[in-house]
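The values are calculated or read from the model by the stated rules, or taken from the named source; none is laboratory data. Predicted model only: the values in this text are computed from it and were never measured. Quick reminder, even Gly has a Cβ in these numbers, built from the backbone with ideal geometry, and neighbours come from all protein chains shown. Surface areas here come from the heavy atoms of the whole protein model, side chains and all, with no ligands, DNA or RNA. Shrake-Rupley method; radii C 1.70, N 1.55, O 1.52, S 1.80 Å.
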Amino acid sequence: MSTYLRAREISQEPVVTLAGEDVARVKDIVFDPMRGSITCFTLSGQGLLAGPLKRALLWKKVHALGPDAVMIRDEASLEDDDEAARERIDAPGGGSVIGARVITEDGTALGTITDVIIEASGTPRVIGYEVGPTARTGQTVFLPVIKPKSVSGEMMVVPACTADFTAGDPAGLPAAAEGLRRRLEQEA
């Protein structure tokens, strides 16, 4: 059975070593929206008044992503600086997609991204976006992540047929993704 997490649920989760040491908190999730893969986490210190740490946690160093903590082998898993995270954020399509408008390549607005949905079972991956209501539909929907045409902090352009493959909840995303994948293969 798959577990689905929203990015906002992971934000502020503790980063814990396998020895039980609470070493940081997740500040942001950095991912490659073109591939739908998590690349790293930016971190903050522990406690209410703690600010950002100048360290990052690369995805390849994560032991497990659970609903209550991000697990790492030991504190050496953390990068000594946050250069890796900054490089990925500054890359084309990097940075945050929260608040970006989603529009199809034929000009249909699908809404604004309000959250990123991560499948946490097996190797965690971004499987879709929660998209806030548009004036046209008035509903919040979940869109699968498959072959976006372009991504910036302000806009994500998706294939025209994406509008035909939405889900009503995160659990419906795999079926929506499979339908979209088949349609894109037929159109290729």
Checklist entry - Hey, which lysines would be in cross-link range of LYS27, C-alpha to C-alpha under 18 Å, not counting anything within fewer than 8 residues on its own chain? => result LYS54, LYS60, LYS61
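What order do you get for 18-29, 159-170 when each peptide is scored by the mean count of other beta carbon atoms within 10 Å, highest first? Mind dumping the intermediate values first?
Details: 18-29: 16.6, 159-170: 18.3.
Per-residue Cβ counts within 10 Å, averaged per peptide and sorted highest first, yield 159-170, 18-29.
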Item to check | Reachable aspartates and glutamates, given that their alpha-carbon falls under 12 Å from the alpha-carbon of LYS149 and they are not under 8 places away in the same chain | outcome: GLU105, ASP106
Checklist entry - Which is farthest toward the positive dipole end of the chain among PRO159, PRO174, THR39, measuring Cα position about the Cα centre, with Cβ charges +1 (Lys, Arg) and -1 (Asp, Glu)? => result PRO159
Checklist entry - Which one of THR140, THR114, TYR4 has its Cα pushed farthest toward the positive end of the charge dipole of the chain, where Lys and Arg give +1 and Asp and Glu give -1 at the Cβ? => result THR140
Checklist outcome for this item: For the chain, the Cα-Cα pair-distance distribution in 10 Å bins from 0, as whole percents, is 10, 36, 33, 17, 5, 0
Item to check | Check: the chain dipole with +1 on Lys, Arg Cβ and -1 on Asp, Glu Cβ, in debye | outcome: 340 debye
Checklist entry - How large, in percent, is the carbon and sulfur part of the accessible surface of the chain at a probe radius of 1.4 Å? => result 49 percent
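Counting pairs of Cα atoms in segment 100-187, how many percent are more than 15 Å apart?
Details: 2089 of 3828 pairs.
In whole percent, the share of Cα-Cα pairs in segment 100-187 beyond 15 Å is 55.
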Checklist entry - Scattering from the C-alpha atoms of segment 141-188 alone, worked out with Debye: what is log10 I(q)/I(0) at q = 0.15 1/Å? => result -0.37
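What accessible area per residue comes out for the chain, rounded to a whole number of Å², with a 1.4 Å probe?
Details: 9640 Å² over 188 residues.
It amounts to 51 Å² per residue over the chain.
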